[in-house]
Amino acid sequence: MSYEERDTYGMYKSYGEGPGPRLMGADTLIGEDVYNHKDEDLGDIKEIMLDMNNGKVAYAVLSFGGFLGIADKLFAVPWSALKLDTENKRFILNVDKERLESAPGFDKDHWPDMADPSWQNTISAFYGTQSYTEPSHADTSYRGKKSTPEELIPEAPPGADKVVDKRKEAYEALADHKPAPPPDTPVPESPSGPGIVIDKRNEAYKPDTRPAKPSDRIIPEAPSGPGIVIDKRNE
């Protein structure tokens, strides 16, 4: 009996529509067969364990009693070690039968503390997977930089039905940004009245290529009385 036959709500009835196979109903996967890469029947899924703190699927509890001869023993397999075979409607666990004979298991009447880090490490090490509690690639932000609270996707403003996440564009812009002007050259304020002030700080940084003026050429003082003296040194 496959997950399609357990689909009492019609989730998988129409191919190309619905949630499957990326999103599957957990109840439809209970009892699903598990095979290995040699097409050997290993057992079936008895339960699916969810981490209620982070919402991740932690383990699938399997029964290998069909070939190990241990009918009352169960085995927690990391969810990441299982791959869904949509063609044959079953799961694939890439482990030889002989190796499963030494797999860490437990009695069905004495379940272990699956939140115990040492127990998690034992299971992950046996199946060669990363612990589900460790951050994955999807949990980090762009360019391998860990997300911080101020980098979270903002909420949609009132009246909007969605907000566009432009964090990636922002990071790329930061990677190509030019150094900002020194803090001692602030942008001037706009003059009184409406209008726009143009920031010409970058032009101020251009080197002065004009020839130096001799120090003995002093601007003459204005003659006595009111008037203006014209500086003709450049002439």
Filtering segment 98-133 down to residues that are touching a helix residue (DSSP H, G or I) at 6+ places or on another chain (Cβ under 6 Å) and of a type outside the set (G, A, S), which residue is surrounded by the fewest Cβ atoms within 10 Å (Cβ to Cβ)? P104
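Could you say which residue among D7, D44, D27 is acidic (D, E), out of contact with any strand residue (DSSP E or B) (no Cβ under 6 Å at 6 or more places or on another chain) and closer than 19 Å to V77 by Cβ?
Values: D7 fails: closer than 19 Å to V77 by Cβ; D44 fails: out of contact with any strand residue (DSSP E or B) (no Cβ under 6 Å at 6 or more places or on another chain).
When all the criteria are applied, what remains is D27.
Being among the polar types (S, T, N, Q) and free of Cβ contacts under 8 Å to residues at least 60 places away in the same chain is the filter here, so list the residues in segment 122-136 that pass it. Break it down stepwise before answering.
Of all residues in segment 122-136, those among the polar types (S, T, N, Q) come to 122, 124, 129-131, 133, 136.
T122, S124, T129, Q130, S131, S136, listed by residue number.
Go through the residues of segment 21-30 one by one and say whether even a single one is hydrophobic (A, V, I, L, M, F, W, C), outside any strand (DSSP E or B), more than 15 Å from K83 (Cβ to Cβ) and at pLDDT below 80. Write out each step before concluding.
Start the filter on segment 21-30 by keeping residues that are hydrophobic (A, V, I, L, M, F, W, C), which leaves 23-24, 26, 29-30.
Next, only the ones that are outside any strand (DSSP E or B) stay: 23-24, 26, 29-30.
Imposing the further condition that a residue be more than 15 Å from K83 (Cβ to Cβ) reduces the set to 23, 26, 30.
Then drop every residue that is not at pLDDT below 80, which leaves none.
Looking through segment 21-30, none of the residues is hydrophobic (A, V, I, L, M, F, W, C), outside any strand (DSSP E or B), more than 15 Å from K83 (Cβ to Cβ) and at pLDDT below 80.
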At pLDDT below 95 and more than 30 Å from D96 (Cα to Cα): does that describe T8? yes
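The values are calculated or read from the model by the stated rules, or taken from the named source; none is laboratory data. Note that the coordinates shown come from a computational prediction; the quantities given were computed from them, not determined experimentally. Backbone-built Cβ (ideal geometry, glycine too); neighbour counts: all protein chains shown.
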